[in-house]
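Here's the structure, in structure tokens; my notes come after.
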Amino acid sequence: MTVTTGSIMTIESTQHVPMALTRKTMAGQVLLTGWRPHRDGVSHTVIANWPTHHGFYTSHHELYHPLLLAESIRQALALLSHTAYAIPLDHRLGWESFDTSLIPAALRTRATPSTVRLMITHTEVSRRRFGSARLAAQVMATRDGEPLGIARVRYTAHPPSIYDRLRGEHADARAATARALPLGPAYDATVRGEQTSLENAVLTPLGEPRRWQLRVDVANRTFFDHAHDHIPGLVFLEASAQAAHVLSGARRTVPTDFDAQFSRYVELDSPCLLEATPPQRRAPGVISTRLTGRQNGNEVFSIGVTASEHD
């Protein structure tokens, strides 16, 4: 994946990030600290602070979880949609695709927090009738000045009138959260691996090779820091990472690449069945697979994941 950015010249003043613009409600889950526009008019730098300790993002044995970059990007795009592109706060944002590749060595944790800079260029901002918008962004990430990763994201924004019509009976977030399925069983610790705690386990085994049911804990504050009317995309990325780990059999795995397409909203009150392709090893110590989710007979997402294996 090649990321093309605009001018690296920035407007000097860095602006503060109000928590509401990240779409988070718990201060401990907010990663962003500032942002500033570039002079080309389409690029921005967003600054994130990565913590030294976090119940989910620092679980990978002296490495940050790669999904910390995904969540940083999600918050950054929410911020820019509201500030740079004047999308109202009551509009609902959703990902259509998320494609990322990162450098595992750049994920190593340190004794102090790290500063991550996301240089984001929006390559498409198309306004639709009745207030909806479709956006596309390319991201180049650095950590303390060193290359970290790149990403490409397509996402949408819908005003309440359109979103509520799309979601129908599932539009009410509190009601949808209350209807969430009870938690199914998880793999035991020997299969999950030390990198995945029980509270973060998102796979329920079905007793068939490469098949699971999605396990969704609405009390998990990393995935659900507020009520949702559907399952967030970060859960599906984590499911693909955990599926790759189970298929690997290695003591530890670190996902390095995600190629995700999200085609439908995934409901909390209906089983989502997962199936992975047979794992491929095109290089020693590297595994790849594709996880597909289906709900009520429809494909809802498909994620290709590549992970490095460690003893």
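Nothing in this text is a laboratory measurement; each read-out follows from the coordinates by a stated rule. Keep in mind it's a predicted model, so treat the numbers as computed, not measured. Reconstructed Cβ throughout: ideal geometry from the backbone, glycine too, with neighbour counts over all protein chains shown.
Remarks
- In Hz, Karplus ³J(HN,Hα) per residue of region 281-293 (6.51, -1.76, 1.60; θ = phi - 60°; x = Gly, Pro): 10, 8, 8, x, x, 10, 10, 9, 7, 10, 9, 10, x
- Taking a ≥ b ≥ c as the square roots of the eigenvalues of the Cα gyration tensor, region 86-183 is classed as oblate, since a/c reaches at least 1.5 and a/b does not exceed b/c.
- Only Lys, Arg (+1) and Asp, Glu (-1) charged, at Cβ; the chain dipole about Cα centre in debye: 500 debye
- For trypsin sites (Lys or Arg not before Pro), the sites in region 236-311 that DSSP calls loop and that have at most 15 other Cβ atoms within 10 Å are Arg251, Arg264.
- Vicinal HN-Hα couplings computed from phi for region 125-136 (Karplus, 6.51 cos²θ - 1.76 cosθ + 1.60; Hz; Gly/Pro x): 9, 10, 8, 10, 4, 6, x, 6, 9, 10, 10, 9
- Rounded Å value of the spacing that divides the Cα centres of region 64-91 and region 244-269: 21 Å
- Over region 172-310, the pair-distance histogram of Cα-Cα distances with 5 Å bins from zero comes to 2, 11, 21, 24, 21, 13, 6, 2, 1, 0 percent, rounded to whole numbers.
- Among Ile303, Thr123, Thr33 - extreme Cα towards positive end, dipole of the chain, charges at beta-carbon: Thr123
- Cα gyration tensor shape of region 17-171, rounded if a/c is under 1.5, else prolate or oblate by comparing a/b with b/c: prolate
- When the helices of the chain are scored as -39500 (n - 2.57) per DSSP H run of n ≥ 4 and the total is divided over every residue, the value at 222 nm lands at -5000 deg cm²/dmol.
- Once the chain from Asp188 to Asp40 is taken as fully extended at 0.36 nm per residue, the excess over their C-alpha distance is 48.1 nm.
- Relative contact order of the chain, taken over Cα pairs closer than 8 Å and 6 or more residues apart, is 15 percent.
- For region 65-123, trypsin sites (Lys or Arg not before Pro) are listed when DSSP marks them as loop and at most 15 other Cβ atoms sit within 10 Å of their Cβ; the list is Arg110.
- Taking 0.36 nm per residue of sequence separation and removing the Cα-Cα distance, the His310/Asn220 pair yields an extension gain of 29.7 nm.
- Basic side chains Lys and Arg get +1 at the Cβ, acidic Asp and Glu get -1 at the Cβ, and with that the dipole of region 172-310 about its Cα centre reaches some 360 debye.
- Estimated inter-spin distance, Ser161 and Val286, nm [label 7 Å along Cα→Cβ]: 5.0 nm
- Gap separating the Cα centres of region 136-188 and region 21-43, nearest whole Å: 17 Å
- Reference-scaled alpha-carbon Rg (2.2 N^0.38 Å with N residues) for the chain: 0.97
- Gaussian network model of the chain, springs between alpha carbon atoms under 10 Å - residue of Ala227, Ala27, Ala136 with greatest fluctuation: Ala27
- Projecting the Cα atoms of His65, His54, Pro147 onto the dipole axis of region 19-164, where Lys and Arg carry +1 and Asp and Glu carry -1 at the beta carbon, places Pro147 farthest toward the positive end.
- Most mobile listed residue (Met119, Met26, Met140) in the chain, GNM with C-alpha springs under 10 Å: Met26
- Largest mean-square fluctuation among Asp269, Asp188, Asp259, in a Gaussian network model of the chain whose springs join Cα atoms under 10 Å apart, belongs to Asp188.
- Coil-residue GluC sites (Glu not before Pro) of region 153-254, DSSP, other Cβ within 10 Å capped at 14: Glu194
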